[in-house]
Amino acid sequence: VLLLVDDDEMILSSMQRLLRRTFPGMDVVVAPHGEAGLEHVRNGAVDLIVSDYRMPGINGVELLRACQDLAPSAVRILWTAYETPEVAAQARSVGATLVSKGLDPLDLVHAIRHAWQVVEA
Amino acid sequence: MSAAGPPPDEAARRRDLDELRHAFVHAAAHELRTPLAPMRAEMHLLRGRLAELDPDAQESVRVLDACLTRLSALVELLLDATMVKAGTLDLRKREMDLQLLARTCLDDLAPEAQARGIRTSLHAPAARVVADPQRISQVIDGLLRNALHATPPGGHVRLRVDEEEGTFRVAVGDSGVGLSPREAESLFQPMARPSEASGRAAAGPGLSLYLAKGVVEMHGGRIGCWSEGPGKGATFWFTLPKAATSAGGPPAEEPTPQPSRPAAAADELRALLFGAWRRPTPSSA
């Protein structure tokens, strides 16, 4: 199960469709904010968590930090348009890979594929 | 205005407005990224179904795709330039081979050079540096594209890496339109544009060389250009410190604090945003 957390509805919709098409065997669930994301993690087995950084309520780093306890084996990816050195350091502190919401959505796809291969290995 | 420059309060006001304008442009570029992300995802999905569309619709998708790619690149450039100015560009340094990077950059542009009838050549010895490969690749690629656009068919573009006093010097030379001394001085400033007469590439918002300068300087290097004059080709170069052979790995990346946003009147900001994005100099008043 891949959990995508982002407060932008269009991003959730588009990326869910893109990820489902790219990874047909993967169950892609979405959450519109950090608290909803945490609920998903508490309620079921999530293998991979992709979270936006800036969201109302708890931010992506706080969400991923909480997931370190709730789902320690889940792979964590922080997908953000704010990849400053400070955010990069925060991502590292919660064991997350930082992926830029930059030029190409395939950057996220590549990061997920890489992380998935690591999990499967 | 006296030759000594504006009074201190005026200088401080300008500095505040400059910082505010910078903060606004930075925030705007971030906000533009958000709708671009789903647009690019949808375009990727659409490209996968291109064969289902009639030829007219296929052409529409191709045009939209090209425009979207260009818009995304401009937003990234704007964002990178604001981060260079603030010193908050996230560099992911590691020990890397400049020779391999130079070859890859030139190979990537070889088809375009060939199509335009421009010869290319590479001279690059083994060169270990500690650097961010993606950012340095961006710098070399930008200099190569600049050279290609400035060079007429039948000309040549040369990429060289040379060892020089504790550094490696990367130089892109072309047989193109050249530069006047005045242009050579100003090209690395934000929004700098070559003169119409020189014919040198003026695509984009004039931030590529400014970004290149910032990236190189954040690596501890220097950047510059040289030309014998208009019509006589040009060489753009930069240096990177050699990797210390005894070093235990790349230097630690220290988080850089974000600059605080100064308070200023919104109408002044709006007025400034429609002006040239250039730091005001005391002598320009």
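The values are calculated or read from the model by the stated rules, or taken from the named source; none is laboratory data. In this text the structure is predicted, and so the values were computed from the model without any measurement. All Cβ positions, glycine included, derive from the backbone under ideal geometry; neighbour counts span all protein chains shown.
Regarding the range B:114-130, can at least one residue be identified that is within 22 Å of A:Glu86 (Cβ to Cβ), within 11 Å of another protein chain (Cβ to nearest Cβ) and not polar (S, T, N, Q)?
Within the range B:114-130 (the criterion being within 22 Å of A:Glu86 (Cβ to Cβ), within 11 Å of another protein chain (Cβ to nearest Cβ) and not polar (S, T, N, Q)), the answer is no, since none of the residues qualifies.
Take the residues in the range A:63-103 that are crowded, with 17+ Cβ neighbours inside 10 Å and charged (D, E, K, R), then tell me which one is modelled with the lowest pLDDT.
A:Glu83
So A:Trp79 fits all but one of (1) under 15 Å from A:Ile112 (Cβ atoms); (2) outside any strand (DSSP E or B); (3) within 12 Å of chain B (Cβ to nearest Cβ); what number is the exception?
All conditions pass for A:Trp79, except number (2).
Consider B:Glu95 carefully, then state whether it is in contact with a strand residue (DSSP E or B) (Cβ under 8 Å, 6 or more places away or on another chain), more than 10 Å from chain A (Cβ to nearest Cβ) and modelled with pLDDT of 90 or more.
yes
Inspect the range B:107-125 for any residue being surrounded by 14 or more Cβ atoms within 10 Å (Cβ to Cβ), at pLDDT 90 or above and under 25 Å from B:Met218 (Cα atoms) and give the result as yes or no.
Yes, the range B:107-125 contains at least one residue that is surrounded by 14 or more Cβ atoms within 10 Å (Cβ to Cβ), at pLDDT 90 or above and under 25 Å from B:Met218 (Cα atoms).
Regarding B:Ala73, is this residue closer than 30 Å to B:His26 by Cα, surrounded by 14 or more Cβ atoms within 10 Å (Cβ to Cβ) and facing chain A (nearest Cβ under 8 Å)?
Taking the combined requirement at face value, the residue does not satisfy it.
Restricting attention to the range B:43-69, and to residues there that are within 11 Å of another protein chain (Cβ to nearest Cβ) and within 25 Å of the chain's Cα centre (by Cα), which single residue is modelled with the lowest pLDDT?
B:Thr69
How many residues are among the polar types (S, T, N, Q), in contact (Cβ under 8 Å) with a residue 60 or more places away in the chain and within 16 Å of B:Val161 (Cβ to Cβ) when one looks only at the range B:128-145?
Selection size over the range B:128-145: 0.
Using beta carbons and a limit of 9 Å, which pairs, at least six apart or on different chains, have the first residue in the range A:85-99 and within 18 Å of A:Pro72 (Cβ to Cβ) and facing chain B (nearest Cβ under 10 Å) and the second one modelled with pLDDT of 90 or more and not in a helix (DSSP H, G or I)?
Within 9 Å, the pairs are A:Arg92/A:Leu98.
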